[in-house]
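**Q** Structure provided below as structure tokens; questions to follow.
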Amino acid sequence: MKKQIIDISKIKKAIEVLKPDNQLFEIRILKGKTTISGYFTSVETLEQAFKTVDLRGANIFYTLNVIDPACYSREQQDHFVQSKTTTSDGDITAYQWLLIDLDPVRRSGISSTDEELTIAHDRSGMIKSYLRDNGWGDPIEALSGNGIHLLYAIGLQNNKENAQLIEKVLKALALLFNDDKVEVDTSVFNPSRICKLYGTRAQKGSDTKDRPHRMSRILEVPDELLPIRKDKLDDLAAEYPQEVSKPKTESKSTFNLDDWLNFYGIRVQTVKEWKDATRYVLEECPFDSNHKAPDATIIKMQSGAICFKCLHNSCSGRDWRELRLKFEPDAYDDKKLENDARIEEGYRQHKKYLEYNYNRDDLTYEPEVADVEHPEQMFETPIDIYNKPARERVCIQTGLKDFDKKTGGLAKGEISLVSGLRGSAKSTWLSQVAINARNQEYKTVFYSGELKDTRFMDWMAQQIAGKDWVKKSTSYDNYWYVSDKGIKCSIAEWMNPYFLLYNNDYGSNFKQITSVLGNLLKRTKADLVVIDNMSILDLSDITDDRRADKWDQQKLFVETLKNLAMLGNCHIVFVAHPRKAAGFLRLDDVGGSGSLGNLVDNAFIVHRVNRDFRRGYKRDIQGIPDKGKSFVDDEDEARAELGDNCIEVVKERETGLQDLFIPLWYELESKRLLNYPGEAFKWKWNEEHTKSDMAPWEMEGEE
């Protein structure tokens, strides 16, 4: 059965709505390489003109916008002719309609399937709903034959500024709604754009059962068709990023969106490439977890520009800048921008340093000296020095009050050595330092070579939870643990954006680890690095020099970390075990010939206050001979003065402190080191989770 090509009743309905009051319009018939044109002001005249043209295989269009009435005097007035003179951009006096053309993605030259058309129709519903939530009125909705058209009334003068505005509006919608199924056509912004004449059949490709030629038609006309205000168009256009929407020092090469998403635990459902952009569809909106995929999207342009959009009205106005500030409150501060730029240059120098040290024949570092005409320029006068921008000393507080008060904390840009006999609570303290760093919203990278990752996290969870959230074992004496999985998950989420633990499955080769660590610090801007401990690391190939012994290797190990700490503006603390199991440990007992203590900025020793320690403390620190029963034997007196454990400040760069003992008390239930017996300090997790505001839960799980 021969299909009807035009339906005058549908055409009449379309013209009455789209070109009311005898407004001038052009009809253009495209048939192969032939263009047939006619200018009309009435449907009756158009109907008669159609009778003069063979429409088989043709596709028929009309001009969207307001045509200069003078064009009606052209040769094709009220009839069709083959003409090269058709409506141009300069012939348009005003934008009348914003066309949102939703076209199913398919091979060129063919019609769409019913399934593809349904997807396009569903997408049009999403766009209408989104625009309605942003204060737009309802559009005319039409079937183009192969896709869906949304036509919004606008009234804008035809000029370059408004043409660019319409283009940005379409590009913004494309960024938000395009995928591999449906695309918003961004090419229909030009003033003289032609559009499918509704009431005519779309005849693209062969007319088949799966891909039929369909009659185009208007599907819905709203009761009230009001022009969209220009400020609404401006708001939508602003969703399309024109410049790199991130700090001025942050270039395409320095900011890695994938790493940023992973570090802050922002889950991505799908990643879709689209022309000049990559769309990250989030599992849920970071601002409201009730907004599920595919409503929240992060889009990265090839230029490096990034934008964020959630389609829900309650998230209207939230952009990439606000999202980044949610996780990085100082992301756009001038000091941070300058610091990031300095760190970027520092890592470039550090890479050069590593390449030099790992491929040399001797252990003497001889940096390349610039060939300068005036060597005195390499030296600075006191005025030069004081004219430099002041570098703020930033310290990470450990949570141990006396330690932080006396030392200031762990200063960024420095490296510290921690030692102690086995069982002295070195790892306990460093785990607690990492937790307190998170409490201050500092980021920590932790290497624990001795503990399995699950065991480490269980230990840390116990410290974070505290004695109120642990269960005593029925199988082992003096053993407590967190058994509730919900509490563990809550703790993991609290730590997640601020803590990374090395996966020991990747081995202990320091050369490999430090290379990866350098890149990781660069991407995450971590503030604290903990290496527990040096003896677990494989330093055998830290240098290619066969003459190097383990003391040379340790020296290069410290030099490498010191360089990283300075250039990366982070504090690095590493554990070094003593060479011998001395009863009262001194710094000379650590490392080769005391070299480790000389190289680091700070050195601390963690002591367990047992009998051997008390005897050595009395002899070496107090200078009192051991005569009969005394402080050495009086455990209560010793505990009152030095606690269960103590941290000795052996060397402190900034203050010059040494031989300072900070007493600590160990709480068995929580594995916490306390400032005084019975202290019940709270981290932010403890403040957010109390027994009173949570449903009762039972301690269950394996011991």
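**Q** Tell me which of these Gln82 doesn't satisfy, since it passes every other one: (1) more than 28 Å from Leu226 (Cβ to Cβ); (2) at pLDDT 95 or above; (3) of a type outside the set (Val, Ile, Thr).
**A** (2)
**Q** Related question: Against the conditions (1) surrounded by fewer than 17 Cβ atoms within 10 Å (Cβ to Cβ); (2) among the charged types (D, E, K, R); (3) within 29 Å of the chain's Cα centre (by Cα), where does Glu414 fall short? Just the number, please.
**A** Among (1) surrounded by fewer than 17 Cβ atoms within 10 Å (Cβ to Cβ); (2) among the charged types (D, E, K, R); (3) within 29 Å of the chain's Cα centre (by Cα), Glu414 violates only (1).
**Q** Select from segment 132-176 the residues that are part of a helix (DSSP H, G or I) and touching a helix residue (DSSP H, G or I) at 6+ places or on another chain (Cβ under 6 Å) and write down the one among them that is farthest from Ile100 (Cα to Cα).
**A** Step one: list which residues in segment 132-176 are part of a helix (DSSP H, G or I), which gives 132-133, 160-176.
Narrowing the set further to residues that are touching a helix residue (DSSP H, G or I) at 6+ places or on another chain (Cβ under 6 Å) leaves 133, 165, 168-169, 172.
Numbers: Asp133: 17, Leu165: 14, Lys168: 12, Val169: 10, Ala172: 11 Å.
For segment 132-176, the residue satisfying everything is Asp133.
**Q** Quick check on Leu46: is it within 17 Å of Val188 (Cβ to Cβ) and in the same structural domain as Pro222 (by TED's automatic domain parsing)? Steps first, please.
**A** Working: within 17 Å of Val188 (Cβ to Cβ): no; in the same structural domain as Pro222 (by TED's automatic domain parsing): yes.
The answer is no for Leu46.
**Q** Further question on the same structure: Report every pair of residues separated by at least 6 positions or lying on different chains whose Cβ atoms are under 7 Å apart, first residue within segment 476-494 and not assigned by TED's automatic domain parsing to the domain that holds Tyr442, second outside any loop (DSSP other than H, G, I, E, B).
**A** Short answer, once both residue conditions are applied: none.
**Q** Taking segment 402-411, which residues are buried (at least 19 other Cβ atoms within 10 Å of the Cβ) and among the basic types (Lys, Arg)?
**A** Taking segment 402-411 as the starting set, the residues that turn out to be buried (at least 19 other Cβ atoms within 10 Å of the Cβ) are 403, 407, 409-411.
Residues satisfying the conditions do not exist here.
**Q** Would you confirm whether any residue within segment 615-629 is crowded, with 21+ Cβ neighbours inside 10 Å and modelled with pLDDT of 80 or more? Full working, then the answer.
**A** Going residue by residue through segment 615-629, those that are crowded, with 21+ Cβ neighbours inside 10 Å are 617.
Next cut, modelled with pLDDT of 80 or more only: 617.
Checked against the condition, which is being crowded, with 21+ Cβ neighbours inside 10 Å and modelled with pLDDT of 80 or more, segment 615-629 yields at least one hit.
**Q** Suppose the filter is touching a helix residue (DSSP H, G or I) at 6+ places or on another chain (Cβ under 7 Å), assigned to a helix (DSSP H, G or I) and closer than 23 Å to Ala202 by Cα; does Arg123 pass it? Even if it seems obvious, please write down each step before you answer.
**A** Working: touching a helix residue (DSSP H, G or I) at 6+ places or on another chain (Cβ under 7 Å): yes; assigned to a helix (DSSP H, G or I): yes; closer than 23 Å to Ala202 by Cα: yes.
It is true that Arg123 is touching a helix residue (DSSP H, G or I) at 6+ places or on another chain (Cβ under 7 Å), assigned to a helix (DSSP H, G or I) and closer than 23 Å to Ala202 by Cα.
**Q** Going through Lys511, Lys467, Lys412 one at a time, which residue ends up being closer than 19 Å to Leu561 by Cβ and touching a Phe, Trp or Tyr at 6+ places or on another chain (Cβ under 8 Å)?
**A** Details: Lys467 fails: closer than 19 Å to Leu561 by Cβ; Lys412 fails: touching a Phe, Trp or Tyr at 6+ places or on another chain (Cβ under 8 Å).
Step by step, each of Lys511, Lys467, Lys412 is checked, and only Lys511 is closer than 19 Å to Leu561 by Cβ and touching a Phe, Trp or Tyr at 6+ places or on another chain (Cβ under 8 Å).
**Q** If we scan segment 522-539, do we find a residue that is on the phi < 0 side of the Ramachandran plot, modelled with pLDDT under 85 and of a type in the set (Asp, Glu)?
**A** Looking for residues that are on the phi < 0 side of the Ramachandran plot, modelled with pLDDT under 85 and of a type in the set (Asp, Glu), one finds at least one in segment 522-539, hence yes.
**Q** Is one or more of the residues making up segment 19-28 hydrophobic (A, V, I, L, M, F, W, C), assigned to a loop (DSSP other than H, G, I, E, B) and at pLDDT 95 or above? It would help to see each step written out before you state the result.
**A** Applying the first criterion (hydrophobic (A, V, I, L, M, F, W, C)) to segment 19-28 yields 24-25, 27.
With assigned to a loop (DSSP other than H, G, I, E, B) added as a condition, the list becomes 24.
Imposing the further condition that a residue be at pLDDT 95 or above reduces the set to 24.
Taking every residue of segment 19-28 in turn, at least one turns out to be hydrophobic (A, V, I, L, M, F, W, C), assigned to a loop (DSSP other than H, G, I, E, B) and at pLDDT 95 or above.
**Q** Only one of Thr87, Thr93 is under 50 Å from the mean Cα position of the chain (by Cα), modelled with pLDDT of 95 or more and part of a loop (DSSP other than H, G, I, E, B); which? Outline the logic, then answer.
**A** Numbers: Thr93 fails: part of a loop (DSSP other than H, G, I, E, B).
Answer to the check: Thr87.
**Q** Restrict the check to segment 50-64 and report whether at least one residue is outside the structural domain of Cys310 (by TED's automatic domain parsing), more than 22 Å from Arg214 (Cα to Cα) and surrounded by 15 or more Cβ atoms within 10 Å (Cβ to Cβ). Steps first, answer last, please.
**A** To start, the set of residues in segment 50-64 that are outside the structural domain of Cys310 (by TED's automatic domain parsing) comprises 50-64.
Of the ones still in play, those that are also more than 22 Å from Arg214 (Cα to Cα) are 52.
Applying the additional criterion that residues be surrounded by 15 or more Cβ atoms within 10 Å (Cβ to Cβ) yields none.
Taking every residue of segment 50-64 in turn, none turns out to be outside the structural domain of Cys310 (by TED's automatic domain parsing), more than 22 Å from Arg214 (Cα to Cα) and surrounded by 15 or more Cβ atoms within 10 Å (Cβ to Cβ).
**Q** Which residues, counting only those in segment 13-47, are surrounded by 13 or more Cβ atoms within 10 Å (Cβ to Cβ), of a type outside the set (S, T, N, Q) and over 53 Å from the mean Cα position of the chain (by Cα)?
**A** Ile36, Gly38, Tyr39, Phe40, Val43, Leu46, Glu47
To keep it simple, each residue is scored yes or no on (1) modelled with pLDDT of 85 or more; (2) over 30 Å from Lys555 (Cα atoms); (3) among the aromatic types (Phe, Trp, Tyr).
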position: Asp276; (1), (2), (3): no, yes, no
position: Val281; (1), (2), (3): yes, yes, no
position: Cys285; (1), (2), (3): yes, yes, no
position: Lys351; (1), (2), (3): no, no, no
position: Tyr358; (1), (2), (3): no, no, yes
position: Val369; (1), (2), (3): no, no, no
position: Val372; (1), (2), (3): no, yes, no
position: Met378; (1), (2), (3): no, no, no
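**Q** Here's another thing I want to ask about it. Would you call Gln512 modelled with pLDDT under 85, buried (at least 19 other Cβ atoms within 10 Å of the Cβ) and in the same structural domain as Arg579 (by TED's automatic domain parsing)?
**A** Here the answer is no, as Gln512 does not meet what is asked.
**Q** Taking the condition of being farther than 30 Å from Cys489 by Cα and either in a loop (DSSP other than H, G, I, E, B) or touching a residue at least 12 places away in the same chain (Cβ under 8 Å) (or both), how many residues in segment 273-309 meet it? Break it down into steps so the answer makes sense when it comes.
**A** Step one: filter segment 273-309 for residues farther than 30 Å from Cys489 by Cα, giving 273-278, 300-307.
Now narrow it down to the ones that are either in a loop (DSSP other than H, G, I, E, B) or touching a residue at least 12 places away in the same chain (Cβ under 8 Å) (or both): 274-278, 300-307.
Of the residues in that region, 13 qualify.
**Q** Evaluate the following for Leu567: is it in a helix (DSSP H, G or I) and in contact with a strand residue (DSSP E or B) (Cβ under 8 Å, 6 or more places away or on another chain)? Can you show your working first?
**A** Values: in a helix (DSSP H, G or I): yes; in contact with a strand residue (DSSP E or B) (Cβ under 8 Å, 6 or more places away or on another chain): no.
No: the conditions fail for Leu567.
**Q** Report whether or not Ile110 is under 27 Å from Asp207 (Cβ atoms), in the same structural domain as Pro139 (by TED's automatic domain parsing) and touching a strand residue (DSSP E or B) at 6+ places or on another chain (Cβ under 9 Å). Steps first, please.
**A** Values: under 27 Å from Asp207 (Cβ atoms): yes; in the same structural domain as Pro139 (by TED's automatic domain parsing): yes; touching a strand residue (DSSP E or B) at 6+ places or on another chain (Cβ under 9 Å): no.
Taking the combined requirement at face value, the residue does not satisfy it.
**Q** Collect the residues in segment 422-441 that are surrounded by fewer than 22 Cβ atoms within 10 Å (Cβ to Cβ) and not in a helix (DSSP H, G or I), keeping them in residue-number order.
**A** Selection gives Arg422, Gly423, Ala425, Gln440, Glu441.
**Q** For segment 120-141, name all the residues that are in contact (Cβ under 8 Å) with a residue 60 or more places away in the chain and out of contact with any Leu (no Cβ under 9 Å at 6 or more places or on another chain).
**A** Scanning segment 120-141 gives a single hit, Gly135.
**Q** Taking segment 470-485 on its own, how many of its residues are assigned to a loop (DSSP other than H, G, I, E, B) and surrounded by fewer than 17 Cβ atoms within 10 Å (Cβ to Cβ)?
**A** Going through segment 470-485, the residues assigned to a loop (DSSP other than H, G, I, E, B) turn out to be 470, 473-479, 482-484.
Imposing the further condition that a residue be surrounded by fewer than 17 Cβ atoms within 10 Å (Cβ to Cβ) reduces the set to 473-479.
Total satisfying the criteria: 7.
**Q** Can I ask one more? State whether one or more residues within segment 575-589 are in the same structural domain as Leu539 (by TED's automatic domain parsing), at pLDDT 85 or above and aliphatic (A, V, I, L, M).
**A** yes
**Q** Output the number of the condition that Ile415 fails; it satisfies all remaining conditions of (1) more than 24 Å from Leu596 (Cα to Cα); (2) at pLDDT 90 or above.
**A** Ile415 satisfies all of (1) more than 24 Å from Leu596 (Cα to Cα); (2) at pLDDT 90 or above except (1).
**Q** For Glu115, state whether it is acidic (Asp, Glu) and in a strand (DSSP E or B). Show your work before the answer.
**A** Values: acidic (Asp, Glu): yes; in a strand (DSSP E or B): no.
Against the criterion (acidic (Asp, Glu) and in a strand (DSSP E or B)), Glu115 does not qualify.
**Q** Then there is this: What is the one condition in (1) of a type in the set (A, V, I, L, M); (2) within 22 Å of Asn65 (Cα to Cα); (3) at pLDDT below 95; (4) buried (at least 20 other Cβ atoms within 10 Å of the Cβ) that Leu225 does not satisfy?
**A** For Leu225, the exception is condition (4).
The values are calculated or read from the model by the stated rules, or taken from the named source; none is laboratory data. Every value quoted in this text rests on a predicted model; they were computed, and no experiment measured them. Here Cβ is always computed from backbone atoms with ideal geometry, including for glycine, and neighbour counts include all displayed protein chains.
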